[in-house]
1. Which of (1) surrounded by fewer than 22 Cβ atoms within 10 Å (Cβ to Cβ); (2) of a type outside the set (D, E, K, R); (3) not in a helix (DSSP H, G or I) does P178 not meet, given it meets every other one?
2. Just checking, does region 56-76 include any residue being small (G, A, S), within 20 Å of R250 (Cβ to Cβ), out of contact with any Lys or Arg (no Cβ under 8 Å at 6 or more places or on another chain) and modelled with pLDDT of 95 or more?
3. Filter region 82-97 down to residues that are more than 14 Å from the chain's Cα centre (by Cα), of a type outside the set (S, T, N, Q) and crowded, with 18+ Cβ neighbours inside 10 Å and give me whichever is nearest to R34 (Cα to Cα).
4. Could you list, in sequence order, the residues of region 171-222 that are at pLDDT below 90 and aromatic (F, W, Y)?
5. Out of all the residues in region 143-173, which are hydrophobic (A, V, I, L, M, F, W, C) and either within 24 Å of Y50 (Cα to Cα) or touching a helix residue (DSSP H, G or I) at 6+ places or on another chain (Cβ under 6 Å) (or both)?
6. Considering only region 98-119, I want to know if a residue exists there that is farther than 22 Å from M21 by Cβ and under 15 Å from the mean Cα position of the chain (by Cα).
7. Please work out which one of (1) under 20 Å from A172 (Cα atoms); (2) free of Cβ contacts under 8 Å to residues at least 24 places away in the same chain is the condition Y153 fails and give its number.
8. If V150 satisfies every condition in (1) β-branched (V, I, T); (2) assigned to a loop (DSSP other than H, G, I, E, B); (3) surrounded by 16 or more Cβ atoms within 10 Å (Cβ to Cβ) but one, which is the exception?
Amino acid sequence: MARMVRGALVQCTYTGDKKSMIDKHVSYIEEAARQGAQVMCLQELFYGPYFCQVQDPKHYTWTEKIPDGPTTKLMQDVARKNKMVLVVPMYEEDNTGVYYNTAAVIDADGSYLGKYRKTHIPHINGFWEKFYFKPGNTGYPVFNTAVGRVGVYICYDRHFPEGARMLGLHGAEMVFIPSATSRGLSQHLWRIEQTSHAIANGYFVGTINRVGKEDEFGTNDYYGQSYFCTPRGEFVGDVGSDRDEQLIVRDLNLDLIAEVRNTWQFYRDRRPDMYGDIVAP
């Protein structure tokens, strides 16, 4: 019998406040559970706007402790109730003044498994992230969950193949990539980079992007198009809408990982002895 996992992604517009954003996402999690989903990822900085279009210290107030903050605790209860693995991206306070763009990973029994902190931090017009986030220091953990081995990469990270490779070397079967990406120069890469990571590393990718405009912070227009793809880089079902909120639920046949890796021997034929220059300063 095939090893099937039903995965879910949700792309949302911003409601205007934290509580209603959390409530909206809990409702989507419950709907995904009714559809049989076993693992689900939420969007980058899921309970707030993408405030990095401006540089203003008032937005430090969006931070919470992970795992001791209220949203992590709530999501542990939600995961337990719905018997679902959750990937929950939030704005993390480590210490006062030390903040990270982080995703908590929670198992289907509600247990907190750990976190991934975004490694690569952009700092360009409209994406002033170094003002808000310290570069991550977690490395590239892969979490043993009820549905398999799960890794996380966050938004700007996806432009860097090295971390995607590390997740594969650490045994990831599914990699979730939550994002807040607006229409513009990088949009044509959206269907290329994540599928390329899946192909090069032989794992499933679930990637999610928010939708709509957040007028308080400028003109960024988030284009959605969330999707799952196979280790062959093929979309699983349709790609999400580029305008509308959407819950995406797809069946993933994890047996395909072995089939693809036994056909495309990218791990066997790697030559790490020849790659020294890649880590040169």
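The values are calculated or read from the model by the stated rules, or taken from the named source; none is laboratory data. In this text, all values refer to a predicted model and were calculated from it rather than measured experimentally. Quick reminder, even Gly has a Cβ in these numbers, built from the backbone with ideal geometry, and neighbours come from all protein chains shown.
1. The one condition P178 does not meet is (1).
2. no
3. Applying the filter and picking the extreme gives M84.
4. Result: F217, single match.
5. V152, I154, C155, F160, A164
6. Yes: region 98-119 contains one or more residues that are farther than 22 Å from M21 by Cβ and under 15 Å from the mean Cα position of the chain (by Cα).
7. Answer for Y153: the failing condition is (2).
8. (2)
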